Structure formats: structure tokens, C-alpha cells
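Below you'll find the structure, written out as C-alpha cells, and then a few comments.
The values are calculated or read from the model by the stated rules, or taken from the named source; none is laboratory data. Source: prediction; values computed, not measured. Reconstructed Cβ throughout: ideal geometry from the backbone, glycine too, with neighbour counts over all protein chains shown. These accessible areas exclude ligands, DNA and RNA; they are computed on the full protein's heavy atoms, side chains included. Shrake-Rupley method; radii C 1.70, N 1.55, O 1.52, S 1.80 Å.
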Amino acid sequence: MHTSDNNERLDPDNGLLLVANIDILFDKGFISFDDNGRMLISPKLTSAQKRMLGLPGSLKKKPTLSQRRYLAYHRQVFSFPS
């Protein structure tokens, strides 16, 4: 997995404010977001798990251009469709 350099690590666009259960799903690659903020869900989650977690959802605010770059990388790392 990619390790951010200091510039990326300190970049405020290299992060999303997510509730805890959604954050862990994002960090583990079970969800990601497209360039419009729509949630993408891994087929590894069952329908029951999705219902229990209240998925899908979307970001309240469309990602910035800079955030989209980080999200594209996240989708690539976790094999989400482009």
C-alpha cells in the first residue's frame, strides 16, 4: 500500500470527515467514493451487511479536484471500477 509523503500527509484534501463505521470501511477498502461523492461498495459486503450499516450513502459535499485525485488512487488500490 502507498505511504504518503510529508506533503500528502499534511494536505487537508487527503482526508475525508467520515463517521467511525464508514471510516473503517473506507480504510479497509470495503467502500470508496466516485468523483461525485457517490459511495461505491465492494462486492465483498453482503446485502445483510449493507443494510445493517445503512449503505449506500454519499458524501454531503462533492469532492474537490484535489480530493478526487486521492479518491482515484484509493479506488485503484482497492480495485474499484474507474
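Worth a mention:
- Surface composition of the chain: carbon plus sulfur atoms hold 54% of the accessible area, using a 1.4 angstrom probe and ignoring ligands, DNA and RNA.
- For the chain, the solvent-accessible area of protein heavy atoms averages 71 Å² per residue (probe radius 1.4 Å; ligands and nucleic acids excluded).
- Taking every Cα-Cα distance in the stretch 35-82 and sorting them into 5 Å bins starting at zero, the pair-distance distribution P(r) comes out as 5, 19, 25, 23, 18, 7, 2 percent.
- Cα-based equivalent ellipsoid of the stretch 17-60: semi-axis lengths in Å, sorted from largest, via gyration tensor: 15, 11, 10
- Between the listed residues S79, T46, G15, the Cα displaced farthest toward the positive end of the dipole of the chain, a dipole computed from Cβ unit charges relative to the Cα centre, is found at T46.
- Charge dipole magnitude, Cβ of K and R +1, D and E -1 - the chain, Cα centre, debye nearest 20: 400 debye
- When the P(r) of the chain is calculated, the portion above 19 Å amounts to 34% of the C-alpha pairs.
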